[in-house]
Amino acid sequence: MAKDAKYTRMIAGLDIGTTKVTCAIGRFENGQLDIIGVGNAPNSGMRHGVVVNIEAATEAVKKAKDEAELMAGVRVDSVWLGVGGNHIQSFSSGGMIAIRHKEVQQEDVDRVIEAAKAVAIPQDRQVLHVLPQDFKIDGQTGIFDPIGMAGVRLEASVFIITGSNAVITNAIKCTQRAGIKVEGLVLQQLASALAVLSADEKNLGTTVVDIGGGTCDMITYYQGSVIHTGLLPVGGQNFTHDVAIGLKTTQNHADGLKRKFGCALPEMVGEDDAIEVESVGGRKPRTLMRRDLCEILEARAEETLELIHTALNDQGLLSKLGSGVVLTGGGSLLHGLVEMGDFVLDVPVRRGWPERVGGLVDVVRQPSCSTVVGVMMYGLSLDKELRPGHEIKATDWTRKLKNLLGV
Ligand SMILES: Nc1ncnc2c1ncn2[C@@H]1O[C@H](COP(=O)(O)OP(=O)(O)OP(=O)(O)O)[C@@H](O)[C@H]1O
Ligand SMILES: [Mg+2]
């Protein structure tokens with residue numbers, strides 16, 4: 001995007017989700033990210049976080065972009081794009097170098113990260129992120145920022161995230177066909193975590209679970225670094241589908257009932273509460289007990305949380321979650337889910353949404369906007385002019401950017 005004033009950055013993010021595409025436009029000024037335009041469009045071109053119909057997804061991207069542009073009164077030429085799906089793989093890797101001038105400089109850090117990422121990646125995959133986890137100088141571990149420290153040997157461990165070329169190319173194609181250039185890619189759950197987690201949560205150990213329409217995208221931070229990413233192929237659409245089958249109604253109506261009257265804990269709703277349920281095939285609407293709806297949702301919520309629990313347990317992560325689990329994404333809005341999560345996951349659970357942004361806060365301080373806001377934050381974090389050492393003034397900006405990013 002065009003950069004207007006010297007210390008103002010315009011940035012746009014795009015999240016192509018299973019149920020909807022969101023495009024957001026932001027202005028980073030005085031250390032604050034203000035969202036000035038947001039567009040949403042339903043998306044029928046995706047399954048489980050992956051594009052399956054380019055035409056449909058492209059249309060949705062166009063609509064979301066047009067709506068965001070209209071609201072912001074600026075044009076979007078390029079975006080940071082969120083990518084995800086079950087093709088994503090991640091692993092840790094290490095590297096070692098000799099420190100050139102007895103004291104670690106940025107150039108040494110760049111070299112050791114280069115060394116750590118020198119692993120064979122299959123030709124059909126590409127590296128999305130190389131995230132530093134920990135630095136070691138002459139055997140001393142636990143160094144997060146090695147610059148300026150003395151020593152002769154610098155080691156780094158990094159967390160590498162890769163994705164399938166074909167799947168990523170399709171997501172990029174939808175964006176380009178909608179007339180938008182892709183500035184960079186961000187893993188969706190990394191973006192969500194950037195938007196919702198505080199620095200303390202990242203240090204103490206927290207898993208973010210973004211419950212979208214088609215998938216639960218997971219990412220775990222421990223001691224300030226990403227240590228795991230994962231995905232479960234279930235999401236809000238499964239809840240809706242269960243309601244549609246159980247109450248014999250359309251998917252659309254079932255989704256509305258879930259949002260308006262749904263609750264994962266039936267005992268939280270009144271015993272006598274009734275709801276009107278549309279029928280299919282021209283039959284008359286029926287009046288049913290609200291608890292019937294909630295019992296259907298309870299079963300699916302319990303199963304989903306059990307799957308999350310098993311996934312965390314299998315990876316040995318539960319004991320590392322000093323700050324528990326943060327649920328975000330549209331699916332996390334289901335009433336009672338957080339309360340049930342406390343119980344099933346046996347760690348503290350909270351709901352998360354982007355809190356550190358300004359502007360259209362009513363629109364974006366929503367769990368379903370975590371990804372798109374985080375995508376913009378990630379884009380800002382890579383803005384060369386806001387990085388340390390670029391300009392004297394930039395130091396202050398970098399500090400403010402760090403506050404925004406919760407690092
Ligand atoms: N108030 C609510 N209560 C329960 N579920 C809700 C509520 N609001 C939205 N949802 C559900 O959230 C889901 C959509 O979430 P979100 O917008 O985060 O998904 P997405 O980004 O399109 O999908 P994905 O991340 O899986 O690709 C839908 O299944 C929707 O029914
Ligand atoms: Mg999503």
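The values are calculated or read from the model by the stated rules, or taken from the named source; none is laboratory data. Here the structure is a predicted model, which is why all the values come from computation and not from measurement. All Cβ positions, even for glycine, are placed from backbone atoms using ideal geometry, and neighbour counts span all protein chains on display. Keep in mind that these areas ignore ligands, DNA and RNA; they rest on the heavy atoms of the full protein, side chains included. Shrake-Rupley method; radii C 1.70, N 1.55, O 1.52, S 1.80 Å.
Out of Gly316, Gly281, Gly331, I need the residue that is over 32 Å from the mean Cα position of the chain (by Cα), of a type outside the set (A, V, I, L, M) and either assigned to a loop (DSSP other than H, G, I, E, B) or closer than 25 Å to Asn252 by Cα (or both). Which one?
The unique qualifying residue is Gly281.
Restricting to region 200-211, count the residues that are open to solvent by 10 Å² or more (accessible area, probe 1.4 Å) and under 10 Å from the mean Cα position of the chain (by Cα).
Residues in region 200-211 being open to solvent by 10 Å² or more (accessible area, probe 1.4 Å) and under 10 Å from the mean Cα position of the chain (by Cα): 1 in total.
For region 11-20, does any single residue satisfy the condition of being surrounded by 16 or more Cβ atoms within 10 Å (Cβ to Cβ), closer than 25 Å to Val130 by Cβ, hydrophobic (A, V, I, L, M, F, W, C) and away from ligand 2 (no atom under 16 Å from the Cβ)?
Yes, some residue in region 11-20 is surrounded by 16 or more Cβ atoms within 10 Å (Cβ to Cβ), closer than 25 Å to Val130 by Cβ, hydrophobic (A, V, I, L, M, F, W, C) and away from ligand 2 (no atom under 16 Å from the Cβ).
Condition check: away from ligand 2 (no atom under 16 Å from the Cβ), of a type in the set (Asp, Glu) and at negative phi. Does Asp77 satisfy that?
When the stated conditions are applied, Asp77 passes them.
Specify the residue that is most open to solvent (accessible area, probe 1.4 Å); the eligible residues are those in region 186-199 that are closer than 19 Å to Lys320 by Cα and outside any helix (DSSP H, G or I).
That would be Ser198.
From the list Glu69, Glu114, pick out the single residue that is acidic (Asp, Glu) and farther than 30 Å from Thr141 by Cβ.
Glu69
Going residue by residue through region 44-56, is there one that turns out to be at pLDDT 95 or above, within 16 Å of ligand 1 (Cβ to nearest atom) and closer than 16 Å to Val364 by Cβ?
Among the residues of region 44-56, not one is at pLDDT 95 or above, within 16 Å of ligand 1 (Cβ to nearest atom) and closer than 16 Å to Val364 by Cβ, which makes the answer no.
Can you find even one residue in region 344-354 that is over 20 Å from the mean Cα position of the chain (by Cα), more than 13 Å from ligand 1 (Cβ to nearest atom), part of a helix (DSSP H, G or I) and in the same structural domain as Ile308 (by TED's automatic domain parsing)?
yes
Here are Leu288, Leu307: which of them is outside any helix (DSSP H, G or I), open to solvent by 40 Å² or more (accessible area, probe 1.4 Å), touching a residue at least 24 places away in the same chain (Cβ under 8 Å) and not assigned by TED's automatic domain parsing to the domain that holds Val130?
Result of the check over Leu288, Leu307: Leu288.
Does region 322-334 hold any residues that are open to solvent by less than 10 Å² (accessible area, probe 1.4 Å) and away from ligand 1 (no atom under 16 Å from the Cβ), and which are they?
Gly324, Val325
Does His228 count as over 15 Å from Ala311 (Cα atoms) and either modelled with pLDDT of 95 or more or within 14 Å of ligand 1 (Cβ to nearest atom) (or both)?
no
Checking Glu29 against (1) surrounded by fewer than 24 Cβ atoms within 10 Å (Cβ to Cβ); (2) modelled with pLDDT under 95; (3) closer than 26 Å to Pro233 by Cα: exactly one of these is not met. Which one?
Answer for Glu29: the failing condition is (3).
Residues are listed down the side, and each one gets a yes or a no for (1) of a type in the set (A, V, I, L, M); (2) in contact with a Lys or Arg (Cβ under 9 Å, 6 or more places away or on another chain):
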site	(1), (2)
Phe28	no, yes
Ile35	yes, yes
Gly39	no, yes
Asn43	no, yes
Gly49	no, no
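I'd like the residue in region 66-125 that is over 28 Å from Thr215 (Cβ atoms) and among the polar types (S, T, N, Q) and, out of all such residues, is farthest from ligand 1 (Cβ to nearest atom).
Gln105
Please go through region 189-201 and pick out each residue that is farther than 18 Å from Val357 by Cβ and among the charged types (D, E, K, R).
Asp200
Could you list, in sequence order, all residues of region 234-273 that are in contact with a Cys (Cβ under 8 Å, 6 or more places away or on another chain) and either within 16 Å of ligand 2 (Cβ to nearest atom) or of a type in the set (Gly, Ala, Ser) (or both)?
Within region 234-273, Val234, Gly235, Gly262, Ala264 qualify.
Give me the strands (runs of 3 or more DSSP E) completely within region 117-185, filtered to those with at least 2 residues that are open to solvent by less than 60 Å² (accessible area, probe 1.4 Å), ordered by residue number.
Counting at least 2 such residues, we get 125-137, 153-164.
Among the residues of region 55-77, are any under 22 Å from Met218 (Cα atoms) and open to solvent by 50 Å² or more (accessible area, probe 1.4 Å)?
Looking for residues that are under 22 Å from Met218 (Cα atoms) and open to solvent by 50 Å² or more (accessible area, probe 1.4 Å), one finds none in region 55-77, hence no.
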